[in-house]
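Worksheet: one structure, shown below.
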Amino acid sequence: MEITIELNEKQEKFLKEFASKHYLGAEDNRMTCDCLHVVENKRKRYIPYHEDLWDYYCDLDMKFSRDSDHETWFDNEIELVNDYLDNYIERRIEVKSYEEAYLNTIIGIDGEEHVICNYGDYFKAYGIEYNAVAWIEYYYDPVAYFFILDEAKRYIQYQRHNLSNPRVYTHSAGYSNCGDFVPFRNLLLQMGQQLNKENDNVKNLIRRI
């Protein structure tokens, strides 16, 4: 079946670029079959600390906070305690790490002995009633989709002010995908190839003339 469609300038440009850069085996396919390029934002989520979860998340970074809004996070517990003491407590005492204090007795900000069995005990010894401990897990959130890899890269450039550590991740349509995406992608590729072929024929004709 043959059909005739009218393309605008932008559609023609994209089809030609798509066909010239994403043919079978093209470098821009990133060794992925029937690919789709996705611009993704780097995000992070906070996983509240619990000792029962240690084996699952122990490889992740931990953060510490002492404000109820969780606006300020510290890279370790010593930084949090020192910041609190520097800003709210005139009396200085020795600050031990949680690892050093765990299952031991330390002298707290009140001058009393405190047995440290968990993070709550640890921070309370230094006068910090509210605390939050969490693992930080990073993940990528898709924000824009493209057939053409260079278009995805251009998107990152002009939208960089709205993005957070973005990347382009290339997805495959899926193993033995017999749904709609692959046939429509192949149709666009075929249209672009035909346009590029006609363009080459015109150039060759001009050269002969």
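The values are calculated or read from the model by the stated rules, or taken from the named source; none is laboratory data. In this text, all values refer to a predicted model and were calculated from it rather than measured experimentally. Cβ: placed from backbone, ideal geometry, glycine included. Neighbour counts: every protein chain shown. Heads up: the accessible areas ignore ligands, DNA and RNA and are worked out on the full protein's heavy atoms, side chains in. Shrake-Rupley method; radii C 1.70, N 1.55, O 1.52, S 1.80 Å.
A 1.4 Å probe run over region 109-209, with the rest of the protein chains in place, finds 66 Å² accessible per residue. For region 3-87, the solvent-accessible area works out to 69 Å² per residue, with a probe of 1.4 Å and every protein chain left in place. Enumerate the helices in the chain for which the Kyte-Doolittle hydropathy averages -1.0 or more and the C-alpha atoms extend at least 24 Å along the helix's axis, using complete DSSP H runs. The qualifying helices are 181-208. Its relative contact order, with pairs defined as Cα atoms under 8 Å and 6+ residues apart, puts region 53-209 at 18 percent. Counting 0.36 nm for each residue step from Thr4 to Glu113 and taking away their Cα separation leaves a gain of 30.6 nm. In terms of the mean number of neighbouring beta-carbon atoms within 10 Å, the peptides 167-175, 155-163 order highest first as 167-175, 155-163.
For a Förster distance of 22 Å, can you work out the FRET efficiency between the beta-carbons of His171 and Tyr138, rounded to the nearest 0.05? The formula returns an efficiency of 0.70 here.
Here Rg/Rh (Cα atoms, Kirkwood Rh) was computed from the coordinates, and among (i) 1.15; (ii) 1.30; (iii) 1.00 the match is (ii).
Highest-first packing order for the peptide set 143-149, 66-72, 1-7 is 143-149, 66-72, 1-7, based on the mean count of other beta carbon atoms within 10 Å. Cα centroids of region 5-56 and region 76-102: 45 Å apart. What a 1.4 Å probe finds exposed on the chain is 48% carbon and sulfur by accessible area, rounded to a whole percent.
Give Lys42/Lys63; Lys153/Lys197; Lys42/Lys96 a once-over and call out the pairs whose C-alpha atoms are over 29 Å from each other. As for pairs spanning more than 29 Å Cα to Cα, those are Lys42/Lys96.
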